[in-house]
Ligand code: PMV
């Protein structure tokens with residue numbers, strides 16, 4: 001039995017994920033359900049650690065990201081999910097949420113994905129709720145749809161109009177790397193949430209994207225299951241270009257791509273023609289993520305480091321699902337406990 005006089009703690013770590021088959025746009029059928037299916041790879045090197053402390057002495061919920069307290073507006077989704085989780089618990093105490101990313105925030109590197117995934121696990125632990133993966137995935141998705149995928153390791157799918165993501169294949173299924181070329185590490189110009197609403201409302205290409213996405217998703221899924229690099233490369237790039245085409249053709253346009261992004265699209269396509277197993281994908285930002293094999297990763301990294309306009313290169317292997325962290329000592333050093341299953 002836990003006393004409400006003692007603070008109650010939860011701690012978790014989750015990895016970011018990058019979609020090989022993208023989602024862009026919400027379904028009209030439910031809150032924060034996606035209009036199209038997506039398939040992602042969880043990335044071991046991009047991690048968020050979150051601690052949730054329930055404490056009766058706090059005046060209200062407080063949310064900190066990388067040591068800085070968020071405003072009421074920017075912490076709105078976190079506070080809404082806390083309220084949602086409290087309804088399933090008997091504990092109504094205010095919470096202090098502290099979250100740290102080991103990579104640039106809001107630059108199309110899926111910080112909201114790892115952030116919401118780590119947050120729902122830590123909050124559920126602090127509230128003594130069951131750590132049920134489909135429920136946690138659904139809770140994370142209600143904050144950021146891509147976050148529902150970060151509960152699981154390896155290759156993960158999120159079907160259209162579906163509450164929880166499901167694991168497709170574990171991290172060791174396929175020895176690939178996703179190499180992130182950071183073109184611009186600042187905050188993105190338009191949030192993905194606003195960008196996709198605007199796109200759906202104004203791009204004449206949006207219906208074609210929704211119509212075409214399930215077939216592209218199936219190609220990528222089969223390619224992943226069969227470890228067929230060429231097939232995944234072809235359709236992963238097609239998925240990202242179709243998604244960005246809807247953004248570019250919205251009015252006014254949502255343009256995330258920068259000059260080095262476009263140059264890299266040309267260069268990676270040319271390198272693949274020359275035999276390098278490399279394929280690109282971009283999200284709601286200008287950074288380019290290059291899929292390659294683990295065998296080829298060193299060559300891709302040294303190439304990307306030599307490209308003008310690329311400020312940082314991060315190498316990510318398939319990563320694990322969300323895990324609990326030890327509750328003692330500083331959050332940054334806390335050992336990973338069991339991964340959730
Ligand atoms: O769910 P959000 O708001 O993190 O949107 C993510 C959208 C993309 O990253 C562009 C695509 C995807 O499937 O991750």
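Coordinate-derived values only; no laboratory data. All values reported here derive from a predicted model rather than from experimental measurement. Here the Cβ is made from the backbone with ideal geometry for all residues, glycine too, and neighbour counts use every protein chain on show.
When 26, 289, 175 are ordered from fewest to most other Cβ atoms inside 10 Å of their Cβ, what list results? Mind showing how you got there, number by number?
On the way: 26 18, 289 25, 175 13.
So the residues, fewest neighbours to most, are 175, 26, 289.
How many angstrom lie between the Cα centre of segment 79-150 and the Cα centre of segment 211-281?
Here the answer is 30 Å between Cα centres.
In terms of the ratio Rg/(2.2 N^0.38 Å) built on C-alpha atoms, what value belongs to segment 198-312?
Working: Rg = 15.0 Å, N = 115, 2.2 N^0.38 = 13.4 Å.
So segment 198-312 has a normalised radius of gyration of 1.13.
Assuming R0 = 41 Å, what is the FRET efficiency of residue 212 and residue 87, from their Cβ-Cβ distance, to the nearest 0.05?
Efficiency computed from Cβ-Cβ geometry: 0.60.
Kirkwood Rh, segment 1-76, all Cα pairs: how many Å?
16.0
Just want to confirm a number: the relative contact order over the chain, from Cα pairs under 8 angstrom separated by 6+ residues, in percent.
Working: 798 pairs, mean separation 82.3, N = 341.
Reported relative contact order: 24 percent.
Where both partners of a DSSP beta bridge lie in the chain, what percent of those bridges are antiparallel, to the nearest 5?
Percentage antiparallel, nearest 5: 90.
Tell me, what are the semi-axes, in whole angstrom and largest first, of the equivalent ellipsoid of the chain as set by the roots of 5 times the Cα gyration tensor eigenvalues?
33, 21, 19
Evaluate Rg over Rh across segment 109-207, taking Cα atoms for both radii and Kirkwood's formula for Rh.
Working: Rg = 15.6 Å, Rh = 15.3 Å.
Answer for segment 109-207: 1.02.
Taking R0 as 22 Å, what's the FRET efficiency between residue 270 and residue 248 from their Cβ-Cβ distance, rounded to 0.05?
E(calc), rounded to 0.05, equals 0.50.
Using a 10 Å cut-off around each Cβ, can you sort 24, 209 from fewest to most neighbouring Cβ atoms? Before the final figure, lay out the partial values.
Details: 24 28, 209 23.
Listed from fewest to most nearby Cβ atoms, that is 209, 24.
Just grab the label-to-label distance for residue 302 and residue 9, each label 7 Å out from Cα along the Cβ direction, in nm (one decimal).
Placing both labels 7 Å along Cα→Cβ, they lie 4.5 nm apart.
Starting with the fewest neighbours, write out 177, 315 ranked by other beta-carbon atoms found within 10 Å of each beta-carbon.
The fewest-first ordering by Cβ neighbours comes to 315, 177.
Please say if segment 268-317 is rounded, prolate or oblate, where rounded means a/c under 1.5 for a ≥ b ≥ c the square roots of the C-alpha gyration tensor eigenvalues, and otherwise the choice is prolate for a/b larger than b/c and oblate otherwise?
The shape class here is rounded.
Sorted from largest down, give the three principal axis spans of the alpha carbons of segment 73-164, whole angstrom values.
So the three principal-axis extents are 35, 27, 21 Å.
For n ≥ 4 DSSP H runs only, could you compute -39500 (n - 2.57) per run for the chain, divide by its residues and tell me the 222 nm figure to the nearest 500? Don't skip to the answer; put the middle values down first.
Numbers: 8 runs with 113 residues, N = 341.
That comes out to -10500 deg cm²/dmol.
Pick from 146, 112, 306: which residue has the top mean-square fluctuation in a GNM of the chain where Cα pairs under 10 Å get a spring?
Highest fluctuation of the listed residues: 306.
Kindly express, to the nearest 10 degrees and within the range 0 to 90, the angle between helix 206-225's C-alpha long axis and the longest C-alpha principal axis of the chain.
Long axis of 206-225 versus the principal axis of the chain: about 90 degrees.
Between residue 333 and residue 231, what is 0.36 nm times their sequence separation minus the Cα-Cα distance? Round to one decimal in nm.
32.7 nm
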